[in-house]
Every structure is written in C-alpha cells, then in structure tokens.
1. Look through region 1-27, keep the residues that are outside any strand (DSSP E or B) and farther than 20 Å from L85 by Cα, and return whichever of them is most open to solvent (accessible area, probe 1.4 Å).
2. If we scan region 28-48, do we find a residue that is at negative phi, in contact (Cβ under 8 Å) with a residue 24 or more places away in the chain, in contact with a Phe, Trp or Tyr (Cβ under 6 Å, 6 or more places away or on another chain) and open to solvent by less than 30 Å² (accessible area, probe 1.4 Å)?
3. Is it true that some residue in region 153-166 is of a type in the set (G, A, S) and part of a strand (DSSP E or B)?
4. Sort out which residues of region 167-186 are farther than 23 Å from G22 by Cβ and not acidic (D, E), and write them in order of number.
5. Does any residue of region 129-140 turn out to be of a type outside the set (A, V, I, L, M, F, W, C), under 28 Å from G31 (Cβ atoms) and not in a loop (DSSP other than H, G, I, E, B)?
6. Condition first: under 22 Å from A177 (Cβ atoms) and open to solvent by less than 50 Å² (accessible area, probe 1.4 Å). Can you find one or more residues in region 88-100 that meet it?
7. Would you say N82 is in contact (Cβ under 8 Å) with a residue 40 or more places away in the chain, crowded, with 16+ Cβ neighbours inside 10 Å and not acidic (D, E)?
8. Among the residues of region 28-48, how many are closer than 14 Å to I2 by Cα, in contact with a strand residue (DSSP E or B) (Cβ under 9 Å, 6 or more places away or on another chain) and either in a strand (DSSP E or B) or of a type outside the set (G, A, S) (or both)?
Amino acid sequence: MIGQASFVSSGANAGGDGYGHGTFVAGIAAGGADGLAGVAPSANLVSLDVMNDAGDASVADVIAACDWILANKDAYNIRVANFSLHAASRASVFFDPLDQAVERLWLDGVVVVAASGNYAVDGSESGVSFAPANDPFVITVGASDVNNTLDTSDDTAAPFSAWGYTPDGFAKPDLVAPGRYLVGPVPA
C-alpha cells in the first residue's frame, strides 16, 4: 500500500478496514501472499476508508473519497478506483450525487469499477438500482459461482449477485468474476 486516507464521519472506526469488505476485495485484486496471490499482486494500492466498523458510510463520505482521488490521482498514479459498496437509496443516474462523483472520475481518466450488489434472492433478477453500479460509465461487476471446479461449463451466477436493468434501462452487470468461496484477507 502506497497511501491511505479515512473519510469516515460517524460511528466507531478502527484504524484500517475494521469491516473488512474493501480489504477482502483488494486482496483478491492485488494480494501477494505466497500461493494465494491476487490477480495483479504487484499493483500499488491506495486505501481509502469510507465505511465504519459496522459497514456504514454516508454518501458524503464516499463523495469526499472521490474528490480526494481527483486531487491525488497524479501524485499516486491512480488509474482505477474500486467501489465495493452501494448507496442506500435507489435513484436515477441523472440525479444521484454519487453517480455524478464517479462520472467526474471517469471524465478525468480514472476507470471506475463497482460491485453490482449482493441483494438478489436465489439468483432471480433484482435490477441494479443503486449508485454507483447503476451508472453507464462504471464497469459493474457481478459475482459468479464456479462450483469449486476449473470447468467453466458449470459456472452460474452467484445467487446473491444483483443483475438486471438499472432504473434508467441499462443492463448490468458488465461482467462477472468468481465471487464465492474465495480466499482473501479479513480483519482479525
């Protein structure tokens, strides 16, 4: 990790990622453990903490992190921003302030990746109604279940992974990646 900043404005918040979701995703992407390396183990990471230890964040905290990325992208060579979170309220991409913040990143050359969400029920279509995953400028990622095999013919969508259309008619997610039974770092 080459840098870190915290934007948590409420609730108990230990140093680092007390909730663990962002750290887990970062480990899958860029972890360097022997025998358990992530997809890009030599990638440099900047850790921006927006969720408190209960996993709660305000939209303002996430937007503050977006503003920090814009202000520091050249100093840290930030080319990709991952948002493993979603807003609490459904909204149109045309009016949502979080969507507007991630679009500013995209317009300034930062690739934005967001989780589709974990609110589907038994694999049924759920829609992708929350920012930032509902934004057409964001690469929205859903979770697949590889059924513990290397054979891709038995892969399915993870039963919790959100998919379908956004309130503005965009089909999401844009891609899926293994999302069940993964090994990654978690807080003690």
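1. Among them, the one singled out is M1.
2. So far as region 28-48 goes, no, none of its residues is at negative phi, in contact (Cβ under 8 Å) with a residue 24 or more places away in the chain, in contact with a Phe, Trp or Tyr (Cβ under 6 Å, 6 or more places away or on another chain) and open to solvent by less than 30 Å² (accessible area, probe 1.4 Å).
3. Scanning region 153-166, I find at least one residue that is of a type in the set (G, A, S) and part of a strand (DSSP E or B), so the answer is yes.
4. Of everything in region 167-186, those that are farther than 23 Å from G22 by Cβ and not acidic (D, E) turn out to be P167, G169, F170, A171.
5. Yes, region 129-140 contains at least one residue that is of a type outside the set (A, V, I, L, M, F, W, C), under 28 Å from G31 (Cβ atoms) and not in a loop (DSSP other than H, G, I, E, B).
6. Within region 88-100, none of the residues are under 22 Å from A177 (Cβ atoms) and open to solvent by less than 50 Å² (accessible area, probe 1.4 Å).
7. Here the answer is yes, as N82 does meet what is asked.
8. Within region 28-48, residues that are closer than 14 Å to I2 by Cα, in contact with a strand residue (DSSP E or B) (Cβ under 9 Å, 6 or more places away or on another chain) and either in a strand (DSSP E or B) or of a type outside the set (G, A, S) (or both) number 5.
The values are calculated or read from the model by the stated rules, or taken from the named source; none is laboratory data. Fair warning: this is a prediction, and the values are worked out from it, not measured in the lab. We place every Cβ from the backbone using ideal geometry, glycine too, and count neighbours over all the protein chains shown. Just so you know, the surface numbers come from the protein's heavy atoms only, side chains and all, with ligands and any DNA or RNA stripped out. Shrake-Rupley method; radii C 1.70, N 1.55, O 1.52, S 1.80 Å.
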